[in-house]
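A short write-up of the structure that comes next.
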Amino acid sequence: MSHSEAAFVALRIAILTVSDTRSLDNDTSGAYLAQALGEAGHHLADRRIVIDDIHRLRAQVSAWIIADDIDVIITTGGTGFSGRDSTPEALSVLFDKQVDGFGELFRQLSLQEIGSSTLQSRALAGMARGKFIFCLPGSTGACRTAWTGILQAQLDARTRPCNFVAVIRTFQQQAR
């Protein structure tokens, strides 16, 4: 991948940590993502923690989907196989389109770090109302893998041959 002479576009990104036990004081994954997106030049539009409950997750993400001041939603947590892990079930029904390759690419990158344990990640992504929604595992390492290996480049308008920013901007222009 390369960068073009296109201008950087600062996106407004919301972060949702899915956890029954985390608070803003000990949410290292959400804190990492907030710091990484800020260092990249984006704006933290909102940051919340919601317990792993399908309806609460849908309610929060739905509110962000219709908010005019949010471009991207990143969730962390709830993508495993335990009884309380429900992020994929909660959010995939909100997608207008799925980003089919996101989970596969994440697991490919993760394989190099955690081996076959990557099979237990149900990371996924989709688009709703022109906003990308990325559902990441809850570990800080997984969030770092997703950010550095996928999201940082795809949320940069200068990345070529293509990036998600162009899709977001096209949708926003059509919605006007």
| task | Please state which one of A36, A14 is crowded, with 21+ Cβ neighbours inside 10 Å and touching a Phe, Trp or Tyr at 6+ places or on another chain (Cβ under 8 Å). | result | A14
| Which of the following residues is touching a Phe, Trp or Tyr at 6+ places or on another chain (Cβ under 6 Å) and in a loop (DSSP other than H, G, I, E, B): I74, I70? | I70
| message | Looking at the range 158-174 only, could you name the residues that are closer than 14 Å to A7 by Cβ, without any contact (Cβ under 8 Å) to a residue 24 or more places away in the chain and either surrounded by 15 or more Cβ atoms within 10 Å (Cβ to Cβ) or polar (S, T, N, Q) (or both)? | response | N163
| Using beta carbons and a limit of 8 Å, which pairs, at least six apart or on different chains, have the first residue in the range 98-115 and closer than 17 Å to G80 by Cβ and the second one of a type in the set (K, R)? | G103/R122
| message | So in the range 106-123, with the set limited to residues that are among the aliphatic types (A, V, I, L, M) and exposed (fewer than 15 other Cβ atoms within 10 Å of the Cβ), which one is nearest to A142 (Cα to Cα)? | response | L111
| In the range 98-105, is there at least one residue being surrounded by fewer than 16 Cβ atoms within 10 Å (Cβ to Cβ), outside any helix (DSSP H, G or I) and touching a Leu at 6+ places or on another chain (Cβ under 9 Å)? | yes
| field | Condition broken by I65, with the remaining ones in (1) assigned to a helix (DSSP H, G or I); (2) free of Cβ contacts under 8 Å to residues at least 60 places away in the same chain satisfied | value | (2)
| query | In this structure, does R56 turn out to be assigned to a helix (DSSP H, G or I), out of contact with any Cys (no Cβ under 6 Å at 6 or more places or on another chain), farther than 15 Å from Q152 by Cα and not β-branched (V, I, T)? | reply | yes
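Laboratory data are not the source of any read-out in this text; all were calculated from the coordinates shown. Note that this is a predicted model, so its numbers are computed, not measured. Cβ coordinates were reconstructed from backbone atoms using ideal geometry, including for glycine residues, and neighbour counts include every protein chain displayed.
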